[in-house]
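**Q** Structure provided below as structure tokens; questions to follow.
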Amino acid sequence: MNEDLIPKNKPLEAAEQSLKQLQELDLPPEAQALLENALHSLKDAKEEKSQFVSNVSHELRIPMTSIMGYTDLLRQGAMGEVNANQLNFLNVIRENVGRMSKLITDLSDIYKIESGRLHLEPEPMSVFNAIQSGLEMTQKILNGHHSEVNVVVEENLPLVLADPKRVSQMVHYLLENAMLYSPGGQPVTVKANHQDENVRLMVIDQGIGIQLEDQPHIFSQFFRSEVEAVREHKGWGLSLCLVKSLAELGGGQVGYETEPEAGSTFWFTIPVQ
């Protein structure tokens, strides 16, 4: 997998890379000046895109929160008894609004990272606690999914220096993917061990694996495989992109090993305290 490839769904970044490559050529001063102007224009466009996403996210988050809150009240019978059909409709509303809310949050995080406006709050923390928090988040969202999750944490694992909220978020996203794409409720394992100056956290599944043609794009924004087993589940193709961005922002690395039809292991590292 070539990490230097710019995904096709990031045209501004691709254009910027091409212009920077042209700058390295021995071009006349007039051409160099035109390249400089183009790069400045691209920078402005990226900033405007980030600001647009930020504004839209803020404007949508408030009504989404209200819809979720009122839907929960109706499901609980706050306005009177709810029959089975009504409850089913309310559950559909709640599920879909929840998906939209997650999309808004993920988009906001991605563009904050790209614009340098997402700031981590690192502190000495326990990886085991982050795993438990991420597992609770996943079980709450995937209510009714019966994959067994085994947690294996190395003894005397040192504290890491990281943002607890973001580490739990990364664990949650990797667990959610592993459980969704593990047919028949196959068990999922979370491991953490000490490697040099880092703690390496792994999520291992026995699911469908990643097809060879999909592997170069697996961390790209909005990428979703055309494999039927993937398309059966709703998603936006942002979770793995966010895991990679958050891990690297925190000074770590991210990667995976996979075999089609035999499962995958996704991992990221966190610097020790």
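The values are calculated or read from the model by the stated rules, or taken from the named source; none is laboratory data. None of these values were measured; they are calculated from a predicted model. Here Cβ is always computed from backbone atoms with ideal geometry, including for glycine, and neighbour counts include all displayed protein chains. Each accessible area value is taken on the protein alone, full model and side chains, heavy atoms only, with ligands, DNA and RNA left out. Shrake-Rupley method; radii C 1.70, N 1.55, O 1.52, S 1.80 Å.
**Q** In this structure, does Leu201 turn out to be within 13 Å of the chain's Cα centre (by Cα) and not in a loop (DSSP other than H, G, I, E, B)?
**A** No; evaluated as a whole, the condition is false for this residue.
**Q** Picking from Ser220, Ser239, Ser264, Ser225, which residue would you name as being open to solvent by less than 20 Å² (accessible area, probe 1.4 Å), at pLDDT below 95 and closer than 22 Å to Gly98 by Cβ?
**A** Ser239
**Q** Residues in region 138-180 that are more than 15 Å from Lys244 (Cα to Cα) and free of Cβ contacts under 8 Å to residues at least 60 places away in the same chain: how many?
**A** Qualifying residue count for the region: 24.
**Q** Just one of (1) assigned to a helix (DSSP H, G or I); (2) modelled with pLDDT of 90 or more; (3) in contact with a strand residue (DSSP E or B) (Cβ under 9 Å, 6 or more places away or on another chain) trips up Asn177, so point out which.
**A** Here Asn177 meets the rest and fails (2).
**Q** Which of the residues spanning region 98-139 are of a type in the set (Phe, Trp, Tyr) and crowded, with 17+ Cβ neighbours inside 10 Å?
**A** Tyr111, the sole residue that qualifies.
**Q** Still on this structure, please answer the following. Filter region 25-62 down to the residues that are among the aliphatic types (A, V, I, L, M), surrounded by 11 or more Cβ atoms within 10 Å (Cβ to Cβ) and assigned to a helix (DSSP H, G or I) and list them by number.
**A** Ala31, Ala33, Leu34, Leu35, Ala38, Leu39, Leu42, Ala45, Val53, Val56, Leu60
**Q** Check whether at least one residue in region 13-26 is of a type in the set (A, V, I, L, M), touching a Phe, Trp or Tyr at 6+ places or on another chain (Cβ under 7 Å) and modelled with pLDDT under 85, and report yes or no.
**A** no
**Q** Would you check if there is a residue in region 73-80 being surrounded by 16 or more Cβ atoms within 10 Å (Cβ to Cβ) and within 21 Å of Gly235 (Cα to Cα)?
**A** no
**Q** Going through region 232-273 one residue at a time, which ones are closer than 22 Å to Thr105 by Cα, more than 13 Å from the chain's Cα centre (by Cα) and among the charged types (D, E, K, R)?
**A** Within region 232-273, Lys234 is the sole residue that qualifies.
**Q** Here's a follow-up. Show the residue pairs that are 6+ apart or on different chains and have beta-carbon atoms under 8 Å apart, the first residue being within region 211-222 and in a helix (DSSP H, G or I), the second being surrounded by 15 or more Cβ atoms within 10 Å (Cβ to Cβ).
**A** Asp214/Phe223; Asp214/Ser225; Asp214/Val227; Gln215/Thr258; His217/Pro7; His217/Phe223
**Q** Sticking with this structure for a sec: So which of Asn193, Asn156 ends up being outside any helix (DSSP H, G or I), over 29 Å from Ala229 (Cβ atoms) and open to solvent by less than 50 Å² (accessible area, probe 1.4 Å)?
**A** Selected residue: Asn193, the only one of Asn193, Asn156 that is outside any helix (DSSP H, G or I), over 29 Å from Ala229 (Cβ atoms) and open to solvent by less than 50 Å² (accessible area, probe 1.4 Å).
**Q** OK, next. Residue by residue through region 258-273, note down the ones that are assigned to a strand (DSSP E or B) and on the phi < 0 side of the Ramachandran plot.
**A** Thr258, Glu259, Ser264, Thr265, Phe266, Trp267, Phe268, Thr269, Ile270, Pro271, Val272
**Q** Continuing with the same structure: Please tell me if Leu249 is surrounded by fewer than 18 Cβ atoms within 10 Å (Cβ to Cβ) and among the aliphatic types (A, V, I, L, M).
**A** Yes.
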